[in-house]
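Undergrad: Let me begin by handing over the structure; questions about it come next.
Just so you know, all these numbers are worked out from the coordinates, no wet-lab data involved. If you're wondering where the values come from, they're calculated on a predicted model, not measured in any experiment. Note: ideal-geometry Cβ built from the backbone for every residue, glycine included; neighbour counts use all protein chains shown.
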Amino acid sequence: MSRRRVLIVAYFFPPLAGGGVHRVLSFTRHLPKHGWDCTVVCAGPGDYWVIDTSLEARVDPATEVLRVPGGSGLSAWLKLRPGTAGRRSGTVFGGLRALSDWALFPDSYAGWAHRAARRALDRLKEGADVLLTSSPPDSAHLAGLAAKRRRSTPWVADFRDPWMGLHFRAPPTAWHRRRHERLEAQVLHRCDRVLAASRTHADQLRARFSREGLDPARVLHLPNGYEPSPPDGAAAGGARHGDAFLVAFTGTLSLMPDIEVFLEAVHDLLARLPEARRRLRVRLAGPFDAGYQDRAVALGLTGIVEFTGPLPHADARALQRDAQLLVHWQPREFPSMVPGKLYEYFEAGRPIVATLDPSTEAAVLLRRAGATVVPPGDRAALGAEIERRYRAWRERGPEPARSPDWLDEHRREHLAERLAGVLDGLAESRP
């Protein structure tokens, strides 16, 4: 098999951690099996506030990693304020977001993106068959635009989420909105293929392409998927937590009001069932805004609710398998989001309750997997479902682990094979 090379521009790559890392990391792990060697242009090892050094062991030694440190507003802040990993001030980071929305375009990573674009262009001159840029941050796609102006290398724009500056955060002025719209349009028009991690986003883009006279077949839905977790010898369902009904969340705890709704629901449950204080335990694992922890203390949940901060990914997966109940929520402003964590939850096989708009793609997927979905902000319904699960556990013990029979098709090794087919087609059609 002749070898080809894909050059990937993505800010997030190990040892940086968080949900944005795993999609690109999996690409680099599985594409070589299908004839594609990988080069990654990414941020420096200290350029994010969540780090997981254990992920470095999952990087294929054959992957060429070109680090472009610094250049983002966040990396500059972290150098000024070391020791902030895991717990962040909502006031400080909210201020940074507001400043970047006004002054940095398209986002606070723009400085890094311009430097990364130069590094990517230098590497393209040495040889690469396809360029792939992955967002967020939106500015990662600036490297694709820069490359397209200078080279004929086919370009794939991978959207793990829709354009953040338009669809997740409202632009501060009409002028900012027009700039975002123009830049997003340039990316969509100039790239050769668009990947969307959610079917909802892919359908929206296809409809837009049809309206604008573009070929909608250029838009492909490639889900986030999951990597199977290696067995660690622990029985699912709380074996390592003794006589406790463990409720767990893994992911980022930021900018989501349903976190406070959940804490209030737990408070209400304990008021109804005081005896549950001895058995109910909640572990919220991941980087978090400090205000949520303060709210838990104010509600009298000290000793019941634990904010662990970021865990190594393997430990987070083990926590998912150990829980009696997994909980999920996500930003209400982002109905097309289908995070990779959901597939990890499904593989863990534990009961799930989620607070989501029932019409969203994630809610449909959760119900298909047997989860319970309650409307956002419905504190009573959420508390009632947690109580129902708790009472069932008291009466019958842990539920056996059950994963959906359709889950295997979402393994990232299968998704990488599909991506390799896309890359093959682009490389073969290149002049």
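Undergrad: Residue 173 label point, 7 Å along Cα→Cβ, cut-off 18 Å on backbone N: hits in the range 103-136?
TA: Under 18 Å, as judged by backbone N against the label point of residue 173, lie 103-108 of the range 103-136.
Undergrad: Rounded to the nearest 0.05, what FRET efficiency do residue 260 and residue 118 give with R0 = 60 Å and r taken as the Cβ-Cβ distance? Could you check?
TA: 0.85
Undergrad: So for each of 369-377, 206-214 I average, over its residues, the number of other beta carbons within 10 Å; can you give me the resulting order with the highest mean first?
TA: Result, highest mean Cβ count within 10 Å first: 369-377, 206-214.
Undergrad: Can you tell me the length gained on complete extension of the stretch residue 315 to residue 66, counting 0.36 nm per residue apart and subtracting the Cα distance?
TA: On the way: separation 249, 0.36 × 249 = 89.64 nm, distance 2.80 nm.
Here the segment from residue 315 to residue 66 would lengthen by 86.8 nm.
Undergrad: For residue 104 paired with residue 401, estimate the spin-label separation in nm (one decimal), with each label point 7 Å from Cα along the Cα-to-Cβ line.
TA: In this crude spin-label approximation the distance works out to 4.0 nm.
Undergrad: With +1 on each Lys and Arg Cβ and -1 on each Asp and Glu Cβ, and nothing else charged, work out how big the dipole of the chain is about its Cα centre, in Debye to the nearest 20.
TA: It comes to approximately 800 debye.
Undergrad: Within the P(r) computed for the chain, what percentage of the Cα pairs occupies the region above 34 Å?
TA: 32 percent
Undergrad: Rounded, prolate or oblate: which one fits the range 239-407, using the alpha carbon gyration tensor with axes a ≥ b ≥ c (rounded when a/c is under 1.5, else prolate when a/b beats b/c, else oblate)?
TA: rounded
Undergrad: In what sequence, highest mean first, do 62-69, 11-18, 175-182 appear when ranked by Cβ atoms within 10 angstrom?
TA: In descending order of packing, they fall as 11-18, 62-69, 175-182.
Undergrad: For the range 318-372 and the range 191-222, compute the distance between their C-alpha centroids and round to whole Å.
TA: Measuring centre to centre over Cα atoms gives 25 Å.
Undergrad: Can you give the % of DSSP beta bridges in the chain that are antiparallel, to the nearest 5?
TA: 5 percent
Undergrad: A further question follows. Find how much the distance from residue 294 to residue 368 grows on full extension, using 0.36 nm per residue of separation minus their present alpha carbon separation; answer in nm with one decimal.
TA: Full-extension gain reported as 23.1 nm.
Undergrad: Please give, to one decimal in nm, the separation of the simple spin-label points placed at residue 381 and residue 333, each 7 Å out from Cα toward the Cβ.
TA: Taking the simple label geometry, residue 381 and residue 333 are separated by 2.3 nm.
Undergrad: Of 346, 274, 254, whose Cα points farthest to the positive end of the dipole of the range 239-407 (charges on the beta-carbon: +1 Lys, Arg; -1 Asp, Glu; origin at the Cα centre)?
TA: 274
Undergrad: For the ranges 183-193, 336-346, what's the packing order if you count other beta-carbon atoms within 10 Å of each residue, average per peptide, and put the highest first?
TA: 336-346, 183-193
Undergrad: If you plug each phi of the range 181-194 into the Karplus form 6.51 cos²θ - 1.76 cosθ + 1.60 with θ = phi - 60°, what whole-Hz ³J(HN,Hα) values come out, in order, with x for Gly and Pro?
TA: 4, 5, 5, 4, 5, 4, 4, 5, 6, 8, 6, 8, 9, 10
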